[in-house]
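For reference, the structure discussed in these notes is given below.
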Amino acid sequence: MEDFEAIYREYFPSVCRYLFSLCRDMTLAEEITQEAFYRAMMGIETFRGQCQLYVWLCQIAKNTYFTFLKKQKRDGGELSAHAADEAASGFETELLDRETARRLHVLLHQLSEPYKEVFSLRVFGELPFSQIGELFGKTDSWARLIFYRAKTKLRRDLDEDRL
């Protein structure tokens, strides 16, 4: 159990950042990260070492988050207005005006997978391309290409809106 505590201390911040890149709500990201680490601890014997431990933990975290979303949808619950405000605030502080931020957020959510997730992992999760590639079972070159295409599409769509 002491070894798992070391794993927890080392990987919790990175896994939490990854989840934050998906949900844009730090409180929710922390709660889901806690749940994901609990699940990882209960199933640590299933880790076969075929990927990095960090990648395995992120896969558990991602599945935990998607399970949470399905439960929210099934229960008719929605994320709070506070969570929605927090999601937008990251863009608002980095962009010149709220309308641009709102439009970029809309465009990001309209991207198809895997473009949306790769872009979010890179920008919000601050993950290197090598780890993004591993999460998808692909190469870092693949992750770079998908990120580039997503960024190009977002720029083009944002420029078209300004015309």
Going through region 1-29 in order, the residues found to be in contact with a Gly (Cβ under 7 Å, 6 or more places away or on another chain) and over 18 Å from THR67 (Cα atoms) are ARG17
Considering only helices (runs of 4 or more DSSP H) wholly within region 1-108, the ones with at least 1 residues that are modelled with pLDDT of 80 or more and more than 26 Å from GLU134 (Cα to Cα) are 26-42, 53-74
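The values are calculated or read from the model by the stated rules, or taken from the named source; none is laboratory data. It should be emphasised that the depicted structure is a prediction, and the values quoted were computed from it without experimental measurement. Cβ sites come from the backbone with ideal geometry, for glycine too, and all protein chains shown count toward neighbours.
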